[in-house]
Ligand code: PEP
Ligand code: MN
């Protein structure tokens, strides 16, 4: 019997930010109709500018709970502050540490004390060694259920938002023994690069892909330029599955 496809196990898709009940539910239901199992959505958004949309916060957590109840999808969201840990734990299945917080060691210890999987994104200027050490903080606090996420690093080039470090995928897998996924949305900032970078990541041994999807990317409150529309996602997912 054919083994379950890798992409069925770990294709994490959803909007950058949860913007409303309708936007989240529509996206989740669409993704589910295609066979996606993991739904992502930001509640607390770590935006570079304080003028940018900061996320719906606790209201978004309630929406995540509703999505879970309605669709049964596995949900994930970023926790930015230890004071929100109980609320985030209660709302989703997987907790995410974002790039900007990879060096926040008290937050790493806080999520390390939880019994739910943690997605640990690579700091945008973190060396692989620093990223591995960050995972150790989580492990030593008692949680070794960690998914490492390569989301691009800051380099001198400005054609892309970040530079996807494909070599990090096999290195981190070998060094840590942990699953590694790739996020070409944040890794490139450009939706047309999501498919080629996903293929590269899978060829390098990635255990999954995280990708931003929005019903109307041009109207998204965050990261629309790196989010796939439903139709674009459907094509992307078919292409990826055919190579799995
Ligand atoms: C995210 O995945 O929502 C996000 C903000 O990504 P990163 O932390 O990699 O910038
Ligand atoms: Mn985003």
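The table that follows gives values for the structure above.
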quantity	calculated
Those residues of region 76-92 which are over 13 Å from residue 107 (Cβ atoms) and within 11 Å of ligand 1 (Cβ to nearest atom), in sequence order	76, 77
Considering residues of region 197-223 that are assigned to a helix (DSSP H, G or I) and touching a residue at least 24 places away in the same chain (Cβ under 8 Å) only, the residue nearest to ligand 2 (Cβ to nearest atom)	217
Single residue of region 120-130 satisfying the filter (out of contact with any strand residue (DSSP E or B) (no Cβ under 7 Å at 6 or more places or on another chain) and in contact (Cβ under 8 Å) with a residue 24 or more places away in the chain) that is surrounded by the most Cβ atoms within 10 Å (Cβ to Cβ)	123
Any hit, region 147-157, residues being over 20 Å from residue 47 (Cα atoms) and either touching a residue at least 60 places away in the same chain (Cβ under 8 Å) or touching a helix residue (DSSP H, G or I) at 6+ places or on another chain (Cβ under 8 Å) (or both)	yes
Checklist (1) surrounded by fewer than 23 Cβ atoms within 10 Å (Cβ to Cβ); (2) within 16 Å of ligand 1 (Cβ to nearest atom) applied to residue 37, failing item	(2)
Helices (runs of 4 or more DSSP H) wholly inside region 1-119 containing at least 2 residues that are farther than 21 Å from residue 191 by Cβ and free of Cβ contacts under 8 Å to residues at least 60 places away in the same chain	21-34, 58-71, 85-91, 105-112
Hey, residue 185 in a loop (DSSP other than H, G, I, E, B), within 16 Å of ligand 2 (Cβ to nearest atom), under 30 Å from residue 109 (Cα atoms) and in contact with a strand residue (DSSP E or B) (Cβ under 6 Å, 6 or more places away or on another chain) or not	no
Failed item in (1) under 28 Å from residue 54 (Cα atoms); (2) in contact (Cβ under 8 Å) with a residue 60 or more places away in the chain; (3) in contact with a helix residue (DSSP H, G or I) (Cβ under 7 Å, 6 or more places away or on another chain); (4) part of a helix (DSSP H, G or I), with residue 194 passing the rest	(2)
Qualifying residue in region 62-73 (condition: modelled with pLDDT of 95 or more and within 12 Å of ligand 1 (Cβ to nearest atom))	no
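The values are calculated or read from the model by the stated rules, or taken from the named source; none is laboratory data. The structure presented is a predicted model; accordingly, all values stated were derived computationally and were not measured. For neighbour counting, all protein chains shown are included, and Cβ atoms are generated from backbone atoms with ideal geometry for every residue, glycine included.
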